[in-house]
Amino acid sequence: MDLDLVFLGTSASMPTSLRAPAALLVRRGGERLLFDCAEGTQRQLQRSSVGLPDIEDVFLTHFHADHVLGLPGMLKTFALRGRDEVGLTVYGPPGLRDLFGRLKPLIGRLPYRLTSVEVTPGEILDRGEYAIETFAVDHGVAAVGYALVEHERPGRFDVAAADALGVPPGRERGILQGGEPLTLGDGRVITPDAVLGPGRAGRRVVLTGDTAPAASVVRVAHRAELLVHEATFGAAEAARAKETLHATAGEAAEVARLAGVKLLALTHVSTRYFGSELAAEARAVFPNTVVPRDFDVIEVPYPERGEPRLVKAGARPVSSGGDAADGASRSGG
């Protein structure tokens, strides 16, 4: 099952010529999950190689303008292009329903079902093979982070053991792989542990949204494949970061070090900095750090298949030309 993250907006607070504000698309198999929806998100999707899919799930970390202003326009676009049967669910911290009440005059009547779900830290949203876990962050307002946590997978199927036990190929082996016991024609009952190796870990991807460094993030990110943490400021602005309940690059790196994650991705980059500046500061604490640009992708393979990796311009705009080249020269990381 493929799992990757498309960075649609990596800027803090306001857009620049090279970075849009906060938006991140998680792709797992055929699913498309959008985390935050700042100004211009639907255009970022349309410009990218992804296009604008009929997103069914949007997860808001909090309600500051640079994380939600793109939502009304995107909802309206879905209506204008004839969406009617496919519903859309928006998740967010307490205050979400009030937000939609205020946005109703802007959005108007929608031909599809729009559902709002308020979540608080510690909730687990079961989604079959994985769950979305919410956790507390420290931003001074109603806010949550989200962790995508896959369930443990069955161990590898031992073909030789199945042959020795007389389990015929086909449906019978599928039953055992699915974790169910199998009764053979001669009455013997074969349990999955007889033909399956040890269970294999799923993947854990943690998205903080805006936050000061917090113990809650360290806990939920323990041994995660990927931690996406904001880094609005550099070390010289540590006092400002503390005052506004944001994080410096070094502080985010310390969270990653304590959590023992495999890869740290810094986002929410202020216009004060080049990405390379923040990357250098963070790598002094946690070497395996990247600072994605807009339209970069991070691939997250299963643990036994390798480490997460940054694919630069992995969702390059369809009309590539100047934008991608300018981004490469201006906002390194």
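The values are calculated or read from the model by the stated rules, or taken from the named source; none is laboratory data. This structure is a prediction, so every number in the text was calculated from the model and none was measured. Here the Cβ positions follow ideal geometry from the backbone for every residue, glycine too, while neighbour counts run over all protein chains shown. Ligands, DNA and RNA are excluded from the accessible area calculation, which covers all protein heavy atoms including side chains. Shrake-Rupley method; radii C 1.70, N 1.55, O 1.52, S 1.80 Å.
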Between Ser13, Ser116, which is of a type in the set (S, T, N, Q), open to solvent by 20 Å² or more (accessible area, probe 1.4 Å) and either within 17 Å of the chain's Cα centre (by Cα) or closer than 26 Å to Pro292 by Cβ (or both)?
Ser13
Odd one out for Glu129, checked against (1) open to solvent by less than 60 Å² (accessible area, probe 1.4 Å); (2) charged (D, E, K, R); (3) under 18 Å from the mean Cα position of the chain (by Cα):
(1)
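Report, by residue number, each residue of the stretch 183-194 that is in contact with a helix residue (DSSP H, G or I) (Cβ under 9 Å, 6 or more places away or on another chain) and either open to solvent by 50 Å² or more (accessible area, probe 1.4 Å) or not in a helix (DSSP H, G or I) (or both).
Of everything in the stretch 183-194, those that are in contact with a helix residue (DSSP H, G or I) (Cβ under 9 Å, 6 or more places away or on another chain) and either open to solvent by 50 Å² or more (accessible area, probe 1.4 Å) or not in a helix (DSSP H, G or I) (or both) turn out to be Leu184, Arg188, Ile190, Thr191.
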Listed residues Leu71, Leu24; which is closer than 15 Å to Thr208 by Cα and in contact with a strand residue (DSSP E or B) (Cβ under 7 Å, 6 or more places away or on another chain)?
Leu24
Leading residue by the ranking (modelled with the highest pLDDT) among those in the stretch 308-333 that are of a type in the set (D, E, K, R) and over 17 Å from Leu266 (Cα atoms)
Arg316
Among residues of the stretch 127-152 being farther than 30 Å from Pro72 by Cα and touching a Phe, Trp or Tyr at 6+ places or on another chain (Cβ under 8 Å), the residue modelled with the highest pLDDT is Glu150
Being polar (S, T, N, Q) and either within 30 Å of Phe63 (Cβ to Cβ) or touching a Leu at 6+ places or on another chain (Cβ under 8 Å) (or both) is the requirement here; does Thr183 meet it?
no
For the structure I just gave you, tell me whether Gly306 is within 16 Å of the chain's Cα centre (by Cα) and on the phi > 0 side of the Ramachandran plot.
no
Sort out which residues of the stretch 159-182 are open to solvent by 70 Å² or more (accessible area, probe 1.4 Å) and assigned to a loop (DSSP other than H, G, I, E, B), and write them in order of number.
Pro169, Glu180, Pro181
Tally up the residues in the stretch 65-118 that are in contact with a helix residue (DSSP H, G or I) (Cβ under 7 Å, 6 or more places away or on another chain) and acidic (Asp, Glu), please.
1
Scan the stretch 33-49 for residues that are acidic (Asp, Glu) and either crowded, with 24+ Cβ neighbours inside 10 Å or touching a Ser or Thr at 6+ places or on another chain (Cβ under 8 Å) (or both) and jot them down.
Asp36
Among the residues that make up the stretch 195-206, is at least one of them touching a Gly at 6+ places or on another chain (Cβ under 8 Å), outside any helix (DSSP H, G or I), under 23 Å from Glu150 (Cβ atoms) and open to solvent by less than 20 Å² (accessible area, probe 1.4 Å)?
yes
What about Leu71, is it within 17 Å of the chain's Cα centre (by Cα), crowded, with 23+ Cβ neighbours inside 10 Å and not hydroxyl-bearing (Ser, Thr, Tyr)?
no
Report those helices (runs of 4 or more DSSP H) wholly inside the stretch 208-300 carrying at least 3 residues which are without any contact (Cβ under 8 Å) to a residue 40 or more places away in the chain, open to solvent by 10 Å² or more (accessible area, probe 1.4 Å) and within 26 Å of Pro15 (Cβ to Cβ).
238-244
Condition first: among the charged types (D, E, K, R), under 30 Å from Arg219 (Cβ atoms) and either open to solvent by 50 Å² or more (accessible area, probe 1.4 Å) or touching a His at 6+ places or on another chain (Cβ under 7 Å) (or both). Can you find one or more residues in the stretch 88-102 that meet it?
yes
